[in-house]
Amino acid sequence: MEAIKQFFSGLSWEQEFVIFTTLKVCIVLFGAVLPIVAYAVLVERKVSAWIQDRVGPNRATPFFVKYLPVVGPILVRLGIFHPLADGLKSFLKEDFTPAHVRKVYFWIAPAIAVVPAMLALAVIPFGSKLGDQKMVIADLNVGILFTFGIISLGVYGLVLAGYASNSKFSFLGGIRSSAQMISYEIAMGMSVIPIFMLVGDLNLSKVIAYQADGAWLVFKQPIAFVIFLVAAFAETNRLPFDLPEAETELVGGYHTEYSSMKFALFFIGEYTAMIAASAMMVVLFFGGWTLPFAGLNESATTFAMGLAHIGIFVSKMLFLMVVFIWVRWMLPRFRYDQLMDLGWRRFVPLALVNIVLTAVVLWALHPK
Amino acid sequence: MIVKRANLTLWERLFLPTLLGGLQVTGKHFIRTVFGGKAVTMQYPEQKWVVPEGYRGAPYLVRDQAGDTKCVSCQLCEFVCPPKAIKIIPPGDSSLKADRANAEKTPKEFEINMLRCIFCGFCQEVCPEEAIFLQRDYSLTGETRDEMIYNKEKLLALGGTHAGVQKWKQKLEEAKGQETFPVKD
Amino acid sequence: MENVLFYIFAALTLLFAFLCVANPFSRNPVTSAMFLVLTMISMAGLFVLLQAFFLAAVQILVYAGAVMVLFLFVIMLLDIKEEERRRFSRFSIALGGVSVIGLGFILFKTIRESKAGEGLKLVAVKGSDTAALGKALFTQYLLPFEIVSVLLLVAMVGVILLSKKDLK
């Protein structure tokens, strides 16, 4: 322990920064995001089964289950081991490249679909402090703009996949996704402007601090929250807005021609985008890692409290992810013109009205 | 008939009623399945579906009550079979004799390829001797393709005895009841 | 460290920009568009090195994320095979030459007249602060800002007018 402390005190500021950032990236990505993605798929399957009067996945039984007397069968019935089997299956499947595809784009498209979603998580404060380290990978001053910028790059994965596959279903999926994501990006971007008018800063840590002092922004800006929520569904291509991969019309949409791990990467990308959207909503509207009682609003001073803050953040985020999953089995898919109508003719004007309203109220409360 | 679509009211256009309705329906099913144990799923290999009487599964050959083969090798079923799953080798010049008195022939070999069979029931419909019936087996498995070609012995063993109308016995009685008796005893 | 990063990003920007306009391996317009996206992103990297985080984020958000997606959208709906066959005409080479000379002249003049390091000081004071940027846009540079807005409005009205089938 002493040796470790000595080692860290001997480091320069840059060296410490590099070491801790790498650590945070590895832990967040491999310790949190990928397991959450794997188990979000399981929750999706289970929730869909339960809503449709089925039992859902309950078969995968690894060899060590027989050594777990009571817990083992329960875990098997809950399908806890299915994500492991799914992952293994993805790796072992034949990676088939059809002869008619544009090879270069066909290979890089899945990667482009995953990377932006993961990068967007970099600026999200997922806890207050552990020791001296702030629990955010990059505490940028323009955090929100960074997230929007990076998320807007995610569309390239889908568009290129559609283009590279050289098949009409994929192509239509790619075209649809580009139009849809651009449309809803505008509504989404405008919906958060009132928040920054209230907070007066683009840094996400400041947004949380603002909410810790007063009420959560979901109560102060309900319209903004509704627009952001719906736009988040559209941005992550989730039902009721999953037109780019509408199974009934486009077979599989942009990933029709993909198999094996490349297909799995699109899946990971979609769920990571869902995590990023949920995390953004927690930070912007639900007070981030704070809770308005038991002194949890303050930045952590002890290690246990730091962990508690991370726990609060993750539970809020998981709750929103269940909302994402639940809505999928609740609403039918929108028609394409309805989708565009909702985005451009309902939400964009509504967001503008919301901005003006917030400005008027702010001006009335704090005239200069 | 033209049904005029009513315009939505403002309240309906907010999507809120549909959202709440959806939440109510899905929530009800969720709670009923998780806490009420009302899932409709059948755990297949352990629990098996009880097939109702008259289910039309795999076609098998049947014997009559006397235990004789009913098939007379007319090959109508082979002809009508849409996926060409049935293959019949007629007796030809061989000394193979039919089991029962009113039949001239019996098939030397009768094969149904269960990998091809689509359980359509045309063979049962077309059979003049009521010798082939779709029975209650629906899940046929095997480890090789050859294993899935059922031969005459297997089909007869699986088909069992048909307990229904005995066509030729009835014909005989009908004939005996007539004034001029055309059939020799 | 920052110098090294500057050279890396500058080299990448130039390389991608070159591949965008004159790719020796492929004459596919989609490839050109993708290299243009990469050019935008590496330019955002240069903005970050100048401490202009807001500009960097907006560069990615607007150009790489929105404008280029629309470019791709349009390119994909065109007949790409015909584009691939098309060769340079003398007129377009002459036009390109004129633009290069004009732009080069402006660039040369600006570089000669500016003092090294002066602009960076200004950015360090104002550029990273979004509020200061907003204030500058709406006070000092209000007229150009409004003119650009009107220009965009005119373009928008024009598009609607052109795409409308029957005018009543």
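The values are calculated or read from the model by the stated rules, or taken from the named source; none is laboratory data. Being a predicted model, the structure only gives us computed values, none of them experimental. No Cβ is skipped: glycine too gets one built from the backbone with ideal geometry, and neighbour counts run over all protein chains shown.
Figures for the structure shown
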| quantity | calculated |
| --- | --- |
| Pairs, first away from chain B (no Cβ under 14 Å) in segment A:49-75, second in a loop (DSSP other than H, G, I, E, B) and crowded, with 17+ Cβ neighbours inside 10 Å, C-beta under 8 Å, six or more apart | A:ALA60/A:GLY79; A:ALA60/A:PHE81; A:PRO62/A:PHE81; A:VAL65/A:PHE81; A:LEU75/A:PHE81 |
| Enumeration of residues in segment A:128-174 that are closer than 24 Å to A:GLY253 by Cβ, part of a helix (DSSP H, G or I) and of a type outside the set (A, V, I, L, M, F, W, C) | A:SER152, A:TYR156, A:GLY157, A:GLY162, A:TYR163, A:SER165, A:LYS168, A:SER170, A:GLY173, A:GLY174 |
| Which listed residue is farther than 25 Å from A:ILE150 by Cα, touching a strand residue (DSSP E or B) at 6+ places or on another chain (Cβ under 8 Å) and not polar (S, T, N, Q), from A:GLY306, A:GLY311 | A:GLY306 |
| Residue satisfying condition, being in contact (Cβ under 8 Å) with a residue 12 or more places away in the chain, over 20 Å from A:ARG45 (Cβ atoms), among the small types (Gly, Ala, Ser) and in a helix (DSSP H, G or I), within set A:ALA264, A:ALA276 | A:ALA276 |
| Subset of segment B:77-101 [closer than 14 Å to B:GLN124 by Cβ, surrounded by 16 or more Cβ atoms within 10 Å (Cβ to Cβ) and not acidic (Asp, Glu)] | B:CYS77, B:CYS81, B:ALA85, B:ILE86 |
| Failed condition for A:ASP337, given (1) away from every other protein chain (no Cβ under 11 Å); (2) closer than 29 Å to A:GLY287 by Cα | (2) |
| Segment A:73-89, residues that are touching a helix residue (DSSP H, G or I) at 6+ places or on another chain (Cβ under 7 Å) and more than 26 Å from B:VAL40 (Cβ to Cβ) | A:GLY87 |
| Segment A:115-170 - residue that is of a type in the set (D, E, K, R) and touching a residue at least 24 places away in the same chain (Cβ under 8 Å) and, of those, farthest from the other protein chains (Cβ to nearest Cβ) | A:LYS129 |
| Filter pass, A:PHE324 being within 24 Å of A:GLU44 (Cα to Cα), within 14 Å of chain B (Cβ to nearest Cβ) and surrounded by 20 or more Cβ atoms within 10 Å (Cβ to Cβ) | yes |
| Failed item, numbered, when A:THR256 is tested on (1) at pLDDT 85 or above; (2) surrounded by 19 or more Cβ atoms within 10 Å (Cβ to Cβ) | (1) |
| Check on A:TYR39, more than 14 Å from every other protein chain (Cβ to nearest Cβ), hydroxyl-bearing (Ser, Thr, Tyr) and either in contact (Cβ under 8 Å) with a residue 24 or more places away in the chain or closer than 30 Å to A:ALA276 by Cα (or both) | yes |
| Residue match in segment A:202-215 (condition: facing chain C (nearest Cβ under 9 Å) and closer than 21 Å to A:ALA351 by Cβ) | yes |
| B:PHE30 being within 14 Å of another protein chain (Cβ to nearest Cβ), more than 26 Å from B:TYR138 (Cβ to Cβ) and either of a type in the set (S, T, N, Q) or buried (at least 16 other Cβ atoms within 10 Å of the Cβ) (or both) | yes |
| Members of segment C:20-47 found to be touching a residue at least 12 places away in the same chain (Cβ under 8 Å), within 19 Å of the chain's Cα centre (by Cα) and farther than 18 Å from C:TYR63 by Cα, listed by number | C:ASN23 |
| Subset of segment A:8-36 (residues that are within 14 Å of another protein chain (Cβ to nearest Cβ) and part of a helix (DSSP H, G or I)) | A:TRP13, A:GLU14, A:GLN15, A:PHE17, A:VAL18 |
| Residue match in segment A:307-329 (condition: in contact (Cβ under 8 Å) with a residue 60 or more places away in the chain and in a loop (DSSP other than H, G, I, E, B)) | yes |
| Enumeration of residues in segment A:216-242 that are more than 14 Å from every other protein chain (Cβ to nearest Cβ), over 24 Å from A:TYR156 (Cβ atoms) and without any contact (Cβ under 8 Å) to a residue 60 or more places away in the chain | A:PHE219, A:LYS220 |
| Criterion: modelled with pLDDT under 85 and either basic (Lys, Arg) or surrounded by 12 or more Cβ atoms within 10 Å (Cβ to Cβ) (or both) - qualifying residue of A:PRO57, A:PRO73, A:PRO83 | A:PRO73 |
| Residue in segment B:79-86 that is in contact with a Gly (Cβ under 6 Å, 6 or more places away or on another chain) and either part of a loop (DSSP other than H, G, I, E, B) or away from chain A (no Cβ under 14 Å) (or both) present | no |
| Close pairs (6 angstrom Cβ cut-off, 6 or more residues apart or separate chains): at the interface with chain A (Cβ under 8 Å from one of its Cβ atoms) and more than 20 Å from B:ASP137 (Cβ to Cβ) in segment B:37-50, among the aliphatic types (A, V, I, L, M) and surrounded by 10 or more Cβ atoms within 10 Å (Cβ to Cβ) anywhere | B:ALA39/A:VAL55; B:THR41/A:VAL55 |
| Test for A:SER177: is it crowded, with 22+ Cβ neighbours inside 10 Å, in contact with an Asp or Glu (Cβ under 7 Å, 6 or more places away or on another chain), assigned to a helix (DSSP H, G or I) and of a type outside the set (Lys, Arg) | no |
| Long-range neighbours under 7 Å by Cβ, at least six apart or interchain, first residue on the phi > 0 side of the Ramachandran plot and buried (at least 21 other Cβ atoms within 10 Å of the Cβ) within segment B:102-116, second modelled with pLDDT under 90 and part of a loop (DSSP other than H, G, I, E, B) | none |
